[in-house]
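Structure, as structure tokens:
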Amino acid sequence: MDRSIPRNPTREVQIGSFFIGSAHPVAVQTMCATRTQDVDATLAQVIQLTEAGAKLVRVACDSLNDAEALEALSRKIRELNAPLREKINLSVDLQENYRVAEKIAPFVAKIRYNPGHLHHVETDIPWREKVRWLVETAKKTDTALRIGINCGSIDPAKKAEDDPIFASALEHTGWMAELGFERFCVSLKDSDPQNVLKINRLFAARFPEVPIHLGVTEAGVPPIGIAKSRAALEPLLFEGIGDTLRISLTVPNERKREEVEAGLALLEDVAAGRRTVTEGWKSEGLNIISCPSCSRVQNGRFVELAMQVHEMTQYAKAYPFTIAVMGCRVNGPGETDHADLGLWCGPNAVNLKAKGTLLGSFPYDEILGKLKEELDRLIGETA
Ligand code: SF4
């Protein structure tokens with residue numbers, strides 16, 4: 001099947017056994033939602049996602065134990081048969097504990113760092129020095145980098161800017177140029193598709209040579225999660241913007257391949273010239289944001305909870321409120337700050353916020369009732 005789509009002439013960047021940028025096909029990628037330290041489950045998911053068509057599969061790594069698990073995962077991948085082994089490309093997702101990059105870089109094709117998380121550890125070291133160290137690590141280990149900016153975990157120094165995601169991307173891309181490092185791509189992700197559209201257009205105009213990884217973060221459960229992603233990604237792809245993409249969906253682990261299938265279907269439509277969304281599309285009424293979950297999810301009930309929130313709130317679907325349902329503290333506190341009602345999951349309880357104010361932490365069995373009380377209160381205020 002021909003999935004060739006006219007691309008903007010970005011720089012060619014090698015990621016393991018494939019390339020992005022220039023005239024290379026747009027690569028679909030995704031992320032494991034298994035516990036990284038459950039090596040067998042993660043291996044099974046890496047294989048499932050690669051066989052579904054993912055060119056790159058990301059795995060979270062936050063600790064030395066995660067790093068050891070990733071090394072074990074890489075050993076197991078080397079034992080697979082050659083045709084399968086050669087198709088697998090791993091990426092690692094770093095958050096606060098960026099120093100683990102040194103341990104895992106030899107086993108992965110790409111390292112994603114999040115500028116918003118370089119400020120929480122080693123606070124006496126300027127972020128530029130941390131990025132310099134990551135670049136040196138990538139060079140030594142023949143690894144690509146991604147500057148991965150996410151609306152739920154913005155660099156505190158950028159929060160006051162008109163467009164914090166774009167401002168953070170400018171700063172880090174500029175620093176890469178000063179460091180003379182070119183083997184990287186950038187992602188500018190928001191849960192609002194229209195902002196994803198705007199900031200990626202701005203970035204592509206400002207840095208036409210830099211490959212871009214596209215995505216709407218926390219798009220939620222299908223089919224609305226796919227519609228939100230398409231609202232931003234489809235116009236961008238038609239404009240030649242985007243070298244890799246992820247459709248982020250809240251689905252149970254055994255359905256994770258749906259992210260890849262949705263990404264491939266989008267590319268097929270664009271390659272065939274089929275437009276499925278109109279410019280400026282927004283979801284009507286109740287907007288539910290939920291993360292796709294990953295190794296960091298703090299309670300395995302998160303995906304079920306996100307789906308229950310969808311079902312329980314159907315009676316209020318005409319109201320223009322935003323409800324965020326997030327799996328952990330990484331993007332949970334940030335994303336729920338901007339929602340009318342926000343839930344973010346801890347190990348034993350779920351934090352409930354209303355317009356950024358914490359109302360309390362409630363057991364998993366009680367949270368739906370508490371959410372309904374707050375939703376009814378909001379509806380009452382609009383009457
Ligand atoms: S909010 Fe937490 S659990 Fe959800 S995708 Fe982000 S890091 Fe993973």
Checklist outcome for this item: The condition from (1) without any contact (Cβ under 8 Å) to a residue 12 or more places away in the chain; (2) in contact with a helix residue (DSSP H, G or I) (Cβ under 9 Å, 6 or more places away or on another chain) that residue 31 misses is numbered (1)
Checklist entry - Being surrounded by fewer than 20 Cβ atoms within 10 Å (Cβ to Cβ), free of Cβ contacts under 8 Å to residues at least 12 places away in the same chain and farther than 24 Å from residue 257 by Cβ, is that true of even one residue in the stretch 308-323? => result yes
Next on the checklist: Considering only residues that are charged (D, E, K, R) and either within 22 Å of residue 147 (Cα to Cα) or within 16 Å of the ligand (Cβ to nearest atom) (or both), which ones fall in the stretch 76-98?
Outcome noted: 93, 96
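Conditions tested, residue by residue: (1) within 16 Å of the ligand (Cβ to nearest atom); (2) in a helix (DSSP H, G or I); (3) more than 25 Å from residue 102 (Cα to Cα); (4) of a type outside the set (Val, Ile, Thr).
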site	(1), (2), (3), (4)
134	no, yes, no, yes
137	no, yes, no, no
147	no, no, no, no
152	yes, yes, yes, yes
157	no, yes, yes, yes
161	no, no, yes, yes
167	no, yes, yes, yes
170	no, yes, yes, yes
173	no, yes, no, no
Next on the checklist: On the basis of being assigned to a helix (DSSP H, G or I), at pLDDT 95 or above and crowded, with 19+ Cβ neighbours inside 10 Å, does residue 188 make the cut?
Outcome noted: no
Checklist entry - Is it true that residue 301 is within 16 Å of the ligand (Cβ to nearest atom), surrounded by fewer than 19 Cβ atoms within 10 Å (Cβ to Cβ) and free of Cβ contacts under 8 Å to residues at least 24 places away in the same chain? => result no
Next on the checklist: So in the stretch 148-202, with the set limited to residues that are within 26 Å of residue 109 (Cα to Cα) and basic (Lys, Arg), which one is farthest from the chain's Cα centre (by Cα)?
Outcome noted: 183
Checklist outcome for this item: Of the listed residues (30, 50, 42), the one being among the hydroxyl-bearing types (Ser, Thr, Tyr), surrounded by 15 or more Cβ atoms within 10 Å (Cβ to Cβ), in the same structural domain as residue 136 (by TED's automatic domain parsing) and under 17 Å from the mean Cα position of the chain (by Cα) is 30
Checklist entry - Among all residue pairs at least 6 apart or on different chains, which show Cβ distances below 6 Å where the first residue, located in the stretch 155-167, is under 17 Å from residue 192 (Cβ atoms) and the second is surrounded by 15 or more Cβ atoms within 10 Å (Cβ to Cβ) and basic (Lys, Arg)? => result 164/158; 167/158
Next on the checklist: Residue under question is residue 111, and the condition is that it be part of a helix (DSSP H, G or I), of a type outside the set (Gly, Ala, Ser) and in contact with a Lys or Arg (Cβ under 9 Å, 6 or more places away or on another chain); does it hold?
Outcome noted: no
Checklist outcome for this item: Taking the stretch 349-365 and keeping residues of a type in the set (D, E, K, R) and either surrounded by 14 or more Cβ atoms within 10 Å (Cβ to Cβ) or within 24 Å of residue 318 (Cβ to Cβ) (or both) leaves 353, 355
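Test of understanding: among 263, 240, 280, 220, which residue is within 16 Å of the ligand (Cβ to nearest atom) and either modelled with pLDDT of 95 or more or touching a helix residue (DSSP H, G or I) at 6+ places or on another chain (Cβ under 8 Å) (or both)?
Only one candidate qualifies: 220.
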Next on the checklist: If I go through the stretch 135-150 residue by residue, how many of them are in contact with a helix residue (DSSP H, G or I) (Cβ under 6 Å, 6 or more places away or on another chain) and either closer than 20 Å to residue 211 by Cα or assigned by TED's automatic domain parsing to the domain that holds residue 326 (or both)?
Outcome noted: 5
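The values are calculated or read from the model by the stated rules, or taken from the named source; none is laboratory data. Since we're looking at a predicted model, the values are computed, not measured. As a convention, Cβ positions derive from the backbone with ideal geometry for all residues, glycine included, and neighbour counts pool all protein chains shown.
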